[in-house]
Amino acid sequence: MGNFAAWRAYLGPHRRGQYGRALEAYKKAGEFTASAPLAAYGVLLLKAGDFQAAHDAFDRLLRMPLKGGQRSHAIINRALCTWKLGDAEGGLATLEALYKKEKSQVLYGCYGFMLFACGFYDKAEKIALEALDYCEDAVFYDTLGQIKYAQGEYDEALERFEKALYLKEDMAESLYYSALIYIDNKEFDKAKELLQKARNCPFSALMSVDLTMVEKEIKEFPSRGGEFISNAPPQLSQEPRCHW
């Protein structure tokens with residue numbers, strides 16, 4: 001019965017993009033005997049910030065027979081959970097070991113961003129630049145932008161954020177940090193446009209920016225010499241999407 005309910009959640013609300021309903025349906029399903037619904041459930045838990053439950057789901061998934069790509073993705077996602085549960089060293093060690101064996105767009109994105117988030121800027125930049133030789137992806141440019149922003153190299157950061165947004169318009173982090181740079185440069189019209197876009201982006205618990213941070217900048221906008229008039233109410237996407 002549990003497996004039937006899991007498949008129903010996977011083929012029903014999850015496939016229709018109703019991620020909140022899908023997550024609740026997965027939770028009620030209980031038992032998973034098929035890898036696809038369990039993997040999908042784990043990802044939703046991860047992006048929603050329920051890291052222990054997600055870790056448990058990926059543990060169960062890795063005990064199932066999986067193909068190469070499926071196994072690698074499960075290992076990556078479990079490493080993200082490990083990091084978010086407070087064991088950054090363990091999470092990085094897992095991704096480092098996998099990186100030595102194989103390369104993929106997902107691995108590059110997760111490994112590079114985790115290195116950055118843990119303060120290893122030089123190595124994170126090296127991985128992100130290597131990733132761009134592998135394939136061009138908005139996530140890699142965004143990570144490079146955040147590295148340069150953290151190092152105070154704002155012109156270079158803005159250049160990389162612009163490249164990220166050219167490839168993918170709803171990158172909340174690129175929009176947010178670009179807006180901060182424009183505010184500092186007193187280019188308020190540009191900052192206002194980017195903050196408005198950022199507040200309507202999907203967010204996840206794995207991102208370095210959340211809706212509260214965006215709303216805080218919007219609230220403080222007039223005190224910095226700009227005027228902010230919202231064209232739409234803030235929205236949090238039903239899909240708790242990952243940075244990568």
Next item on the list: Please work out whether segment 144-195 counts as rounded, prolate or oblate from its C-alpha gyration tensor, where a ≥ b ≥ c are the square roots of the eigenvalues and a/c under 1.5 means rounded, while otherwise a/b larger than b/c means prolate and anything else oblate?
Entry: oblate
Next item on the list: Could you pull out which residues in segment 11-37 have an amide N less than 16 Å from a spot 7 Å beyond the Cα of GLN70, following the Cα-Cβ vector?
Entry: 11, 32-37
Note to self: Straight-line reach only, C-alpha to C-alpha below 28 angstrom: list the lysines that LYS197 could link to, leaving out same-chain residues fewer than 8 apart.
What the structure shows: LYS47, LYS84, LYS148, LYS163, LYS168, LYS186, LYS216, LYS219
Item checked: Spin-label model distance (nm) - ASP122 vs VAL106, 7 Å beyond Cα toward Cβ -> 3.2
Item checked: Global form of the chain, assessed from the alpha-carbon gyration tensor, a/c cut-off 1.5 -> oblate
Margin query: Apply the Karplus curve 6.51 cos²θ - 1.76 cosθ + 1.60, θ = phi - 60°, to the phi angles in segment 172-180 and return the couplings in whole Hz, x for Gly and Pro.
Written below: 4, 5, 4, 5, 5, 5, 4, 4, 4
Check: So what is the relative contact order of segment 1-102, in percent, for Cα pairs below 8 Å that sit 6 or more residues apart?
Finding: 19
Notebook entry, point to check: How much net charge surrounds ALA150 when only other residues with a Cβ under 13 Å from its Cβ are counted (Lys, Arg +1; Asp, Glu -1)?
Noted result: -4
Notebook entry, point to check: Relative contact order, percent, of the chain when contacts are C-alpha pairs under 8 Å separated by at least 6 residues?
Noted result: 14
Item checked: Two-site FRET efficiency, LEU62 against LYS186, from Cβ-Cβ distance with R₀ of 41 Å, rounded to 0.05 -> 0.20
Next item on the list: Enter the angle in degrees (range 0 to 90, nearest 10) between the Cα long axis of helix 121-134 and the first principal axis of the Cα atoms of the chain, meaning the one along which they spread out most.
Entry: 70
Next item on the list: With +1 on each Lys and Arg Cβ and -1 on each Asp and Glu Cβ, and nothing else charged, work out how big the dipole of the chain is about its Cα centre, in Debye to the nearest 20.
Entry: 1220
Next item on the list: Using only Cα atoms, tell me the angle between helix 138-150 and the longest principal axis of the chain; keep it within 0 to 90° and round to the nearest 10.
Entry: 50
Item checked: Assigned charges on the beta-carbon of Lys, Arg, Asp, Glu; segment 1-61 dipole about Cα centre (debye) -> 320
Margin query: In whole Hz and in residue order, list the ³J(HN,Hα) couplings for segment 83-90 that follow from phi through the Karplus curve 6.51 cos²θ - 1.76 cosθ + 1.60, θ = phi - 60°; x for Gly and Pro.
Written below: 4, 5, 8, x, 10, 4, 4, x
Item checked: MRE, 222 nm, helices only [DSSP H, n ≥ 4, -39500 (n - 2.57), over the chain, to nearest 500] -> -21500 deg cm²/dmol
Item checked: Angle between the chain longest axis and helix 188-199 axis [Cα atoms, degrees, rounded to 10] -> 10
Notebook entry, point to check: For segment 161-176 and segment 11-62, what is the separation of their Cα centres, given in Å?
Noted result: 28
Notebook entry, point to check: For the residue pair GLU162 and ALA150, what label-to-label distance in nm results when each label sits 7 Å from Cα along the Cα-to-beta-carbon direction?
Noted result: 2.4
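Read-outs: derived from the displayed coordinates by stated rules, not from any lab. Just so you know, these numbers come straight off a predicted model, no measurement behind them. Cβ atoms come from the backbone with ideal geometry, glycine included; neighbour counts cover every protein chain shown.
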